[in-house]
């Protein structure tokens, strides 16, 4: 066996191990979501080893009651928590953030990369360095600003502060470096203005990286936990991720209900990625520009 084949085999084994380690928690969640609370609590008691643990992953009695309780309620479920409005709020926030992010970041990247203005490069790198501070540093200023604008317990507090991601601007700007400026100059000679060039030349050329940025924006807004937990207090205004804690039982922890809720919350981002995956690797190849 040649060295190249050995390397590929070792790499394949390593990737298979990583894949198993990644998928095991998902399998655990799926199987546990079909268990009753009593089955879940007792199934991992007095374990006798790894093999015994694996056999107990399978439910003794399969039930879909947890999934039914998520949407229609059930015994011990918190009746003040309704997952359907949470889904609606999460979709409103995530879609708004995605669309807004694509508009703001693509225009910003176009301005920094294509429009020559005084201090543009310095401003961009100052913003990049500032974005490296931990997000927790921004919580108090953001809260004070949202409070002044009357956005506390309002979905606006989740949408507007999330639109100008500096990393997304950096990603699009790097992709733009691979697009020949001759296209802009040719369009300008034909009488096209800056916005016309952006709309008809730049946007079609950066479609792959825009899809990647859109995926990042949607997933970030959908999975955000800390900030919504701070600015949203009314259960009717909660988004899904922070609202899952309200689905626990009023007098006891409903493990099956919580696990089923977590799995349901994973479905929209998963579906979105499956539809957009063919653009993903193409989009993150930021050194590439216009193809063919």
Report summary line: A careful count of residues in region 136-159 that are without any contact (Cβ under 8 Å) to a residue 60 or more places away in the chain and under 24 Å from residue 107 (Cβ atoms) gives 4
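How do the helices (runs of 4 or more DSSP H) wholly within region 29-126 filter down when requiring 3 or more residues that are under 30 Å from residue 181 (Cβ atoms): which remain?
83-114
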Query raised in the report: Considering region 91-130 alone, what residues qualify as being touching a helix residue (DSSP H, G or I) at 6+ places or on another chain (Cβ under 7 Å) and surrounded by fewer than 15 Cβ atoms within 10 Å (Cβ to Cβ)?
Result: 115, 120, 128
Query - Any pair with Cβ under 9 angstrom, 6 or more apart, that starts in region 55-69 at a residue that is at positive phi and touching a residue at least 40 places away in the same chain (Cβ under 8 Å) and ends at one that is in a loop (DSSP other than H, G, I, E, B) and exposed (fewer than 15 other Cβ atoms within 10 Å of the Cβ) - result: none
Requested in this report: Check whether at least one residue in region 216-226 is under 21 Å from the mean Cα position of the chain (by Cα) and more than 21 Å from residue 134 (Cα to Cα), and report yes or no.
Outcome: no
Query raised in the report: Looking at residue 43, is it modelled with pLDDT of 85 or more, surrounded by 12 or more Cβ atoms within 10 Å (Cβ to Cβ) and out of contact with any strand residue (DSSP E or B) (no Cβ under 8 Å at 6 or more places or on another chain)?
Result: no
Query raised in the report: Of 240, 263, which residue is more than 20 Å from residue 37 (Cα to Cα), touching a helix residue (DSSP H, G or I) at 6+ places or on another chain (Cβ under 6 Å) and at pLDDT 85 or above?
Result: 240
Requested in this report: Can you give me the ranges of the helices (runs of 4 or more DSSP H) entirely in region 161-214 with at least 2 residues that are out of contact with any helix residue (DSSP H, G or I) (no Cβ under 9 Å at 6 or more places or on another chain)?
Outcome: 182-189
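The values are calculated or read from the model by the stated rules, or taken from the named source; none is laboratory data. Note that this is a predicted model, so its numbers are computed, not measured. Positions of Cβ are backbone-derived with ideal geometry, glycine not excepted, and every protein chain shown enters the neighbour counts.
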